[in-house]
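Let me begin by presenting the structure, written as structure tokens, before commenting on it.
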Amino acid sequence: MTRRSRSFVLTLTLALLSPGCTSNPPQHKAGLRTAVAAPPASGIARQMPAPSAMQATAAPVIPASKPLSEPVGPYRATRVLGDYAGYDAVDQFIDRMAARHGFTREYLNGLFSQVSRKDWTLNYMARQAGAAASPRPGAWTRYRAQFLTEAHIAGGAAFWNRHAEALRRASERYGVPPEYIIGIMGVETIYGRNLGSHRIVDALTTLAFDYPRRGDYFAEELENFLIMTREEGIDPTEPVGSFAGAMGLGQFMPGSFLKWAVDFNRDGRRDLWEADDAVGSIANYFAQHGWRSGEPVVTRAVVTGSAVESLESGYDAQYSLAELQRYGIQPADHCPDGQRVRLLRLRAAQGDEYWLGHENFYVITRYNHSTHYAMAVHELAQAVRARYLRG
């Protein structure tokens, strides 16, 4: 077997892509929270196939889950004006939304007349094309350092103190420890400090109709977004988030919102800019993707010899413990018998580290398909828990 390391794409965090990207978004009657402006962290990294949200295949369009209501906003026009005037694909999309979901053409013509094409986003995506490469020595150490900061750890403990009740309820209901819910928020947005400042309707429209490589995926997310805003009574021009359309403290894409967002504070609406709803929604996401309550996430591996170098590693490279033992790999601690594990190789500055990823590690990679991402969430979760318990 020849060694094949998992590809690693180092890209800027969706919410931290340009200076001043966390400007204060407008609030509206549905209660979207204003982002707290913070200096962008230098070199924050994430893999481009973003949250669950940004899976390699187009997200399925989610049927409306509530009775049809009128979409919000004073948008009316007989044809599309502005940046997307004359786009046949936009006109066809409007026809589809009218036929499938009961939107009026006049409303969508007016809405898309207010949309701005995001040339910065298109230029950025063009620069990132073909950027995949094997991880270089020290890549894990550099990646980890961006998320295991004092701001992330202290901020996570403070978030836990402020929202202990919601975290307790979510852990009891969904079986997910509070520290892993916090770990996702810390890596994604530093607990809401970096929510992004791109209008979601601009981001998704730009990528749906001016980015052919993933146009189908983003068109379906635009469809989900319009369903979401109508269901939640939100003006589609108001939500802001990442350049690719991810939203809230946990950076859900609209399709993920419709499938997994929950009204955890019981106020009659789902608002991922609100902490309790974000906590419940992240926990629900993990539970729906197979989180196993009480089971470990990773176990450090002890490696003898060089045979390990012939094995494929990564979050989807599974082996039995017996198979790994034949290659000189043993778990440093007790592992549940009979379970297959993922062999994880991390290129640290002081040499390669090997870990065994359990099913819960794989669940974290459903949020972002990256070994580095999932391990950063795990290590931040453990650091936050230790700080919180220390008081």
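Going by the conditions given, is E220 closer than 27 Å to H289 by Cα and touching a Pro at 6+ places or on another chain (Cβ under 8 Å)?
Numbers: closer than 27 Å to H289 by Cα: yes; touching a Pro at 6+ places or on another chain (Cβ under 8 Å): yes.
Against the criterion (closer than 27 Å to H289 by Cα and touching a Pro at 6+ places or on another chain (Cβ under 8 Å)), E220 qualifies.
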Quiz item: Would you pick out the residues in the range 356-384 that are more than 25 Å from L167 (Cα to Cα), outside any loop (DSSP other than H, G, I, E, B) and of a type in the set (S, T, N, Q)?
Solution: T371
Quiz item: What number of residues within the range 86-101 are in a loop (DSSP other than H, G, I, E, B) and surrounded by fewer than 13 Cβ atoms within 10 Å (Cβ to Cβ)?
Solution: 1
Quiz item: Considering R292, R300, R387, which residue is charged (D, E, K, R), touching a residue at least 40 places away in the same chain (Cβ under 8 Å) and part of a helix (DSSP H, G or I)?
Solution: R387
Exercise. Would you check which residues across the range 289-333 are over 22 Å from G351 (Cβ atoms), more than 32 Å from the chain's Cα centre (by Cα) and not acidic (D, E) and list them?
Key: A322, R326
Quiz item: Which of (1) in a loop (DSSP other than H, G, I, E, B); (2) surrounded by fewer than 20 Cβ atoms within 10 Å (Cβ to Cβ); (3) touching a helix residue (DSSP H, G or I) at 6+ places or on another chain (Cβ under 7 Å) is the odd one out, the single condition Y315 does not satisfy?
Solution: (2)
Practice problem: Tally the residues that are over 17 Å from G305 (Cα atoms) and either in a loop (DSSP other than H, G, I, E, B) or touching a Gly at 6+ places or on another chain (Cβ under 9 Å) (or both), restricting the search to the range 319-343. | Solution: 11
Practice problem: Kindly indicate whether any position in the range 233-251 is more than 16 Å from the chain's Cα centre (by Cα), of a type outside the set (K, R), part of a helix (DSSP H, G or I) and surrounded by fewer than 18 Cβ atoms within 10 Å (Cβ to Cβ). | Solution: no
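Based on this model, can you work out whether G138 counts as in contact (Cβ under 8 Å) with a residue 40 or more places away in the chain and within 19 Å of L272 (Cα to Cα)?
Against the criterion (in contact (Cβ under 8 Å) with a residue 40 or more places away in the chain and within 19 Å of L272 (Cα to Cα)), G138 does not qualify.
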Quiz item: Which one of these does E353 not meet: (1) at pLDDT below 95; (2) among the acidic types (D, E); (3) part of a strand (DSSP E or B)?
Solution: (1)
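Among the residues of the range 276-299, is there at least one that is touching a Cys at 6+ places or on another chain (Cβ under 6 Å), within 19 Å of V363 (Cβ to Cβ) and at pLDDT 95 or above?
yes
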Quiz item: Which one is modelled with the lowest pLDDT among residues in the range 73-85 that are out of contact with any helix residue (DSSP H, G or I) (no Cβ under 7 Å at 6 or more places or on another chain) and either over 19 Å from L207 (Cα atoms) or buried (at least 18 other Cβ atoms within 10 Å of the Cβ) (or both)?
Solution: P74
Quiz item: Quick one: how many residues across the range 153-177 are more than 18 Å from R387 (Cα to Cα) and outside any helix (DSSP H, G or I)?
Solution: 2
Practice problem: Could you figure out which of (1) surrounded by fewer than 12 Cβ atoms within 10 Å (Cβ to Cβ); (2) outside any helix (DSSP H, G or I) isn't true of A126? | Solution: (2)
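Of the residues that make up the range 251-264, is at least one charged (D, E, K, R), touching a residue at least 24 places away in the same chain (Cβ under 8 Å) and under 30 Å from R117 (Cβ atoms)?
yes
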Quiz item: From the list Y191, Y180, which one is of a type in the set (F, W, Y), outside any helix (DSSP H, G or I) and either surrounded by fewer than 24 Cβ atoms within 10 Å (Cβ to Cβ) or out of contact with any strand residue (DSSP E or B) (no Cβ under 7 Å at 6 or more places or on another chain) (or both)?
Solution: Y191
Quiz item: Regarding F147, is this residue in a helix (DSSP H, G or I), touching a residue at least 12 places away in the same chain (Cβ under 8 Å) and surrounded by 13 or more Cβ atoms within 10 Å (Cβ to Cβ)?
Solution: no
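The values are calculated or read from the model by the stated rules, or taken from the named source; none is laboratory data. Bear in mind that the values here come from a model prediction, so they are computed numbers and not experimental data. Glycine also receives a Cβ, built like all others from the backbone with ideal geometry; neighbour counts cover every protein chain displayed.
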